[in-house]
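Peer 1: Structure provided below as structure tokens; questions to follow.
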Amino acid sequence: MPVMGGIEATESIRAREMRRSWVMSHEFKSVSIIAMTANAMEGDRELCLEAGMNDYVAKPVKPQDLYAAIDRCLAPESNEDSAPSLPNATLSATSLDLTAAARDLGDRELLLTMAGMLVAEWQQHLGWITTSLRNREAAQLSMGAHTLKSLLAMFHAEKARRLALAIEHAAKPAAGGEVDWSQCIRLADALAEEMERLKPEMDRFVRGERTV
């Protein structure tokens, strides 16, 4: 590509989407990106997916492979906001990547400002979730988890983000279904534990004791 490669272009698109989703409603939808590359080396697919692409097709492109990739992108389960799963074994450790966050945002000072806002409202976000659980307010719980999820995504706090996403969906059961409050409580406890692990590093960054 004349200006930037596919990986760099995808990261740039996802960074802009991340900023937009932070201030927009849950109706925001990200663009689907499918990699088409002549390289078929082991690890290429993982590299593309890690950059934020939805799927990967190796050249020479076969029509059936391309159509299948498009179908996967259009399928409901390919959307981040559908049927989330809990963090898997690869996310067992606390995850926070401020270096990647600064790269995505492209402005360290803005990232620092946003980090300061999140730290200042840390307990407020967790309190919103706790109160919604105690009062069995599903709509409030889903919205609180959605807001926190978007904030955590900006700082590449992937484990916490996925837990918040899981809470958001657990509070919005399928039509005719009932909220599994026991599951919501378990997820909220796991989120609170993960947030406690993240807090010291976020504090150090806000105080200027951690560079990115």
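Each reported figure results from applying straightforward, stated rules to the coordinates on display, with no laboratory input. Fair warning: this is a prediction, and the values are worked out from it, not measured in the lab. Neighbour counts are summed over all protein chains in view; Cβ atoms, including those assigned to glycine, are modelled from backbone coordinates with ideal geometry.
Peer 1: I'd like the FRET efficiency for Ala174 and Ala139, computed as 1/(1 + (r/R0)^6) with the beta carbon distance as r and R0 of 22 Å, rounded to 0.05.
Peer 2: Taking R0 as 22 Å, the efficiency between Ala174 and Ala139 is 0.90.
Peer 1: In terms of Cα to Cα distance under 29 Å, which lysines are near enough to Lys159, apart from those fewer than 8 places away along the same chain?
Peer 2: Partners within reach: Lys29, Lys149, Lys172, Lys199.
Peer 1: I'd like the FRET efficiency for Ser182 and Gln124, computed as 1/(1 + (r/R0)^6) with the beta carbon distance as r and R0 of 41 Å, rounded to 0.05.
Peer 2: Given R0 = 41 Å and the Cβ-Cβ separation, E is 0.95.
Peer 1: Can you work out ³J(HN,Hα) from phi for every residue in region 142-156, in order, using Karplus 6.51 cos²θ - 1.76 cosθ + 1.60 and θ = phi - 60°, giving whole Hz and x for Gly and Pro?
Peer 2: The phi angles translate into 4, 5, x, 5, 4, 4, 5, 4, 5, 5, 5, 4, 5, 9, 6 Hz.
Peer 1: Contour minus end-to-end for Ile7 and Leu110, with contour as 0.36 nm per residue of separation and end-to-end as the Cα-Cα distance? Spell out each step's value before the answer.
Peer 2: On the way: separation 103, 0.36 × 103 = 37.08 nm, distance 2.36 nm.
Net length gain for the segment: 34.7 nm.
Peer 1: Right, another one. For Cys48, Cys73, what's the fewest-to-most ordering of other Cβ within 10 Å of each Cβ?
Peer 2: Cys73, Cys48
Peer 1: Taking the Cα centre of region 89-206 as origin, work out the dipole magnitude from +1 charges on Lys and Arg Cβ and -1 charges on Asp and Glu Cβ, in debye rounded to 20.
Peer 2: Details: 13 positive and 16 negative charges, 23 e Å.
The dipole magnitude comes to about 100 debye.
Peer 1: Give me the extension gain from Ala68 to Lys199: residue separation times 0.36 nm, minus the current Cα-Cα distance, reported in nm with one decimal.
Peer 2: 43.0 nm
Peer 1: What residues qualify as long-range amide H neighbours of Tyr56, i.e. H under 5 Å apart, gap of 5 or more or another chain, H built at 1.01 Å from N?
Peer 2: Amide H neighbours of Tyr56, under 5 Å, 5+ apart: Ala35.
Peer 1: Placing one identical point scatterer on every Cα of region 89-206 and ignoring solvent, what is log10 I(q)/I(0) from the Debye formula at q = 0.20 Å⁻¹?
Peer 2: -1.04
Peer 1: Between Lys59 and Thr99, what's the calculated FRET efficiency when r is the beta-carbon distance and R0 is 25 Å? Round to 0.05.
Peer 2: After rounding to 0.05, the efficiency reads 0.20.
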